[in-house]
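Asks: Structure provided below as structure tokens; questions to follow.
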Amino acid sequence: DKLVDEIVYAREDGSSFEKPHQKAFIRICQQLKVDMKDAIMVGDNLECDIKGAINAGLSAIYLTEDRSYIKSGLVTTIPQLKQLEQIVTYDN
């Protein structure tokens, strides 16, 4: 709970603006009053979550157990959500 401020469904703006559309990422940053450069998207879908976030200007962490992708080094990856706390600092 202390690492996640909000859970937002991208379809709230309509199906034409769901991930990977930038509007989904922009809206949540505006809603939380967070600069996009300070936001991190954690997701398990490479196309919608990770590439969408990166294209919108956010950092991204890929939640995957695919060992080949974890070792690629192209994006920060974690196999389990509980590892998020080890790599993200949280300012309350």
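The values are calculated or read from the model by the stated rules, or taken from the named source; none is laboratory data. What you see is a predicted model, and the numbers here were worked out from it, not measured in a lab. Every residue, glycine among them, receives a Cβ derived from its backbone with ideal geometry; neighbour counts consider all protein chains shown. All accessible areas refer to the heavy atoms of the entire protein, side chains included, with ligands and DNA or RNA removed. Shrake-Rupley method; radii C 1.70, N 1.55, O 1.52, S 1.80 Å.
Asks: Of everything in the stretch 62-83 that's out of contact with any Gly (no Cβ under 9 Å at 6 or more places or on another chain) and among the aliphatic types (A, V, I, L, M), which residue is modelled with the lowest pLDDT? I'd like the intermediate steps shown before the answer.
Replies: Here is the first cut: in the stretch 62-83, the residues out of contact with any Gly (no Cβ under 9 Å at 6 or more places or on another chain) are 64-83.
Narrowing further to those that are among the aliphatic types (A, V, I, L, M): 70, 74-75, 78, 81.
Values: Ile70: 66, Leu74: 75, Val75: 84, Ile78: 91, Leu81: 87.
Looking at residues that are out of contact with any Gly (no Cβ under 9 Å at 6 or more places or on another chain) and among the aliphatic types (A, V, I, L, M), I get Ile70.
Asks: Turning to a different aspect of this structure: Exactly one of these conditions fails for Asp38: (1) under 20 Å from Thr89 (Cβ atoms); (2) open to solvent by less than 90 Å² (accessible area, probe 1.4 Å). Give me its number.
Replies: Asp38 satisfies every listed condition except (2).
Asks: If you check Asp49 against the conditions, is it out of contact with any Pro (no Cβ under 6 Å at 6 or more places or on another chain) and either open to solvent by 90 Å² or more (accessible area, probe 1.4 Å) or at pLDDT 90 or above (or both)?
Replies: On the way: out of contact with any Pro (no Cβ under 6 Å at 6 or more places or on another chain): yes; either open to solvent by 90 Å² or more (accessible area, probe 1.4 Å) or at pLDDT 90 or above (or both): yes.
Yes: the conditions hold for Asp49.
Asks: Now, a different point. Is it the case that some residue within the stretch 62-72 is open to solvent by less than 80 Å² (accessible area, probe 1.4 Å) and within 12 Å of the chain's Cα centre (by Cα)?
Replies: Residues of the stretch 62-72 open to solvent by less than 80 Å² (accessible area, probe 1.4 Å): 62-64, 66, 69-70, 72.
Cutting the leftovers down to within 12 Å of the chain's Cα centre (by Cα) gives us 62-63.
The answer is yes; a qualifying residue exists.
Asks: Here's a follow-up. Among the numbered criteria (1) exposed (fewer than 11 other Cβ atoms within 10 Å of the Cβ); (2) among the polar types (S, T, N, Q); (3) closer than 17 Å to Ala10 by Cα, which single criterion is violated by Gln80?
Replies: (3) is the only condition that Gln80 fails.
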